[in-house]
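Note sheet for the following structure.
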Amino acid sequence: MLLTKRADHKITWPSVWTNSCCGHPLPGEPVDHAVLRRLSYELGLTAERADLMLPAFSYRAEMANGIVEHELCPVYRVTVDQALAPNPDEVAETRWMPWKEFAEGAQNGLLAISPWCREQVPLLAELGSDPLTWQPASPDDLPPAARP
């Protein structure tokens, strides 16, 4: 599992450890294409495909300063075998962790991670102990708002 620490100057959750990358699709852009675009922009990585894991994931989180995020946020799995080139506008640090160690730490409150990442972990853990064996969901399972 690739964790990233959000850049210190980010408006929301600066300097917080989170999932590999996040972003929003452009108008009319399929979400899986947006995932690959953001992966390239934030981490300098290219991948052939993004597998849909949690099609209807959404969260609501409020920062201490009153900023609220309330987003529909489908979760994808991407596998890569290449060197990272993090974009400092997005990422302050990166860290690879074995899935089991990450999931246990996140679910037991041992890791300080973003609120959306904390909510995603138990849902992903329900898919099994090995992320490479998780069966992707169908794009038909995406909520209408996440379809181009």
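Compute, for the stretch 54-112, the length of the dipole vector about the Cα centre, with Cβ point charges of +1 (Lys, Arg) and -1 (Asp, Glu) only. Units Debye, rounded to 20. Walk me through the intermediate numbers first.
Working: 4 positive and 9 negative charges, 44 e Å.
Rounded to the nearest 20 debye, it is 220 debye.
Compute the length gained on full extension between E71 and S58: take 0.36 nm times their separation in residues and subtract their Cα-Cα distance, giving the result in nm to one decimal.
4.1 nm
Can you compute the modelled spin-label distance between R49 and R37, with each label point 7 Å from Cα toward Cβ, in nm?
2.1
For the chain, what does the accessible surface come to per residue with a 1.4 Å probe? Please give it in Å². Present the calculation step by step, with values, prior to reporting the outcome.
On the way: 8370 Å² over 148 residues.
I get 57 Å² per residue for this part.
Report the gain in length on full extension from M97 to A112: 0.36 nm times residue separation, minus Cα-Cα distance, nm rounded to one decimal.
On the way: separation 15, 0.36 × 15 = 5.40 nm, distance 1.40 nm.
Taking M97 through A112 to full extension adds about 4.0 nm, to one decimal.
Go ahead and estimate [θ] at 222 nm for the chain from helices alone: -39,500 (n - 2.57) per DSSP H run with n ≥ 4, summed, over the residue count, rounded to 500. Intermediate values should be presented prior to the final figure.
On the way: 3 runs with 33 residues, N = 148.
So the helix-based figure for the chain works out to -6500 deg cm²/dmol.
Using a 1.4 Å probe on the protein heavy atoms only, what accessible surface does T79 show? Give it in Å² to the nearest 10.
90
Checking the a/c ratio against 1.5 first, then a/b against b/c, what shape does the Cα gyration tensor give for the stretch 102-148?
Oblate, because a/c is 1.5 or more while a/b does not exceed b/c.
If you take the charge dipole of the stretch 64-114 about its Cα centre, with +1 on Lys and Arg Cβ and -1 on Asp and Glu Cβ, which of I67, F102, A92 is farthest toward its positive end?
Working it through, the farthest residue towards the positive pole turns out to be F102.
If you take Rg/Rh (Cα atoms, Kirkwood Rh) from the coordinates, which of [x] 1.55; [y] 1.14; [z] 0.93 do you get?
[z]
In the chain, carbon and sulfur make up what percent of the accessible area (probe 1.4 Å)?
On the way: 4360 of 8370 Å².
Of the solvent-accessible surface of the chain, carbon and sulfur hold 52 percent.
The values are calculated or read from the model by the stated rules, or taken from the named source; none is laboratory data. These numbers were taken from a predicted model, which means no experiment stands behind them. Neighbour counts run over all protein chains shown; Cβ positions are idealised from the backbone, glycine included. Protein only, heavy atoms only, side chains kept; ligands, DNA and RNA dropped before computing areas. Shrake-Rupley method; radii C 1.70, N 1.55, O 1.52, S 1.80 Å.
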